[in-house]
Amino acid sequence: MNSNHSMTPNELNAIISRLAEHLLTQGIDDRFRELAREESQQVFVAQLDQLRTMFHDPPPQSDAYDVQQHGLGGWLSACQFAIFELIYNLGADALPFIREIAWGEYDWTQGNAIELLLRFAAEGIRTEEILAEIKTNFPQIRYEAQLYCMQPLLPELEQNAQLKSIFDQLRNKIEEFQEAYAELTEEAEDGDSLN
């Protein structure tokens, strides 16, 4: 956010496309997170509504997208994930927007928003407040969103003590959180992941 230049839709599309292409070809790795952090320097909280419209109206499909390899909704999903990573890098200022999606009407993006809340809590950003929200709201959200919010974070639990602590607290306090966690970890152990 080091510029006063408001990005055009084409510039924002280009950023999201670059990040989504990386996801499709390299997966969620440190480089993806680094690229999103760099690209987010050009994005402003004032553009959140513009980003929201892109959840279901993504940039044109990239040549990196292959329906056979990535599935029918693979491009849309990668773009949504890229958008949420940009939003995450806006920091605590984006929390009202994230909460609106996390606890609002069900949408495929609900799980992405809850994932960001879990990450913020693990980083010490409004941890108690976020944990209280999750304890209140998590049992009421759709099972698909429960699974979707934690699946991308599971590989990080071994090396991220703060995130593991958040998961452990929630697993001990929320039956639905524990059930979703158990299903995902059992599937991973069986070699049958959701992606």
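Here are some notes:
- Acute angle (nearest 10 degrees) that the helix 74-88 long axis makes with the longest principal axis of the chain, alpha-carbon atoms: 80
- Only Lys, Arg, Asp and Glu carry charge here, each on its Cβ (+1 for the first two, -1 for the last two); on that basis segment 1-89 has a dipole of about 160 debye about its Cα centre.
- The chain, relative contact order [Cα under 8 Å, separation at least 6], %: 16
- Inter-label distance, ASP168 to GLU38: 3.6 nm, where each label sits 7 Å from its Cα along the C-beta direction.
- The ranking of HIS70, HIS56, HIS22 by Cβ neighbour count inside 10 Å, starting from the fewest, reads HIS56, HIS70, HIS22.
- For segment 1-101, with +1 on Lys and Arg beta carbons and -1 on Asp and Glu, the positive-most of LEU23, ALA36, LEU51 along the dipole: LEU51
- Site-free segments of the chain were taken between GluC sites (Glu not before Pro) in DSSP loops having at most 16 other Cβ atoms within 10 Å, sites themselves excluded; the longest one is 1-104.
- Stretchable slack from ARG52 to GLU100, in nm (0.36 nm times residue separation minus alpha-carbon distance): 16.2 nm
- Dipole magnitude for the chain: computed about the Cα centre from +1 point charges on Lys and Arg Cβ and -1 point charges on Asp and Glu Cβ, it is near 580 debye.
- Using only side-chain charges placed at the Cβ, +1 for Lys and Arg and -1 for Asp and Glu, the dipole size of segment 91-195 relative to its Cα centre rounds to 440 debye.
- Every Cα-Cα pair of segment 1-89 was included, and the share exceeding 14 Å stands at 60 percent.
- Two-decimal ratio, the chain, of alpha-carbon radius of gyration to 2.2 N^0.38 Å: 1.00
- Value of relative contact order over segment 1-89, rounded to a whole percent, pairs C-alpha under 8 Å and six or more apart: 44
- Since only PRO155, SER6, ASN89 are under comparison, the one whose Cα sits farthest along the positive direction of the charge dipole of the chain, derived from C-beta charges on Lys, Arg, Asp and Glu, is SER6.
No value in this document is a laboratory result; all are computed from the given coordinates. The model shown is predicted, which means the values in this text are computed figures rather than measured ones. Using ideal geometry, Cβ is built from the backbone for each residue, glycine included, and neighbour counts are taken over all protein chains shown.
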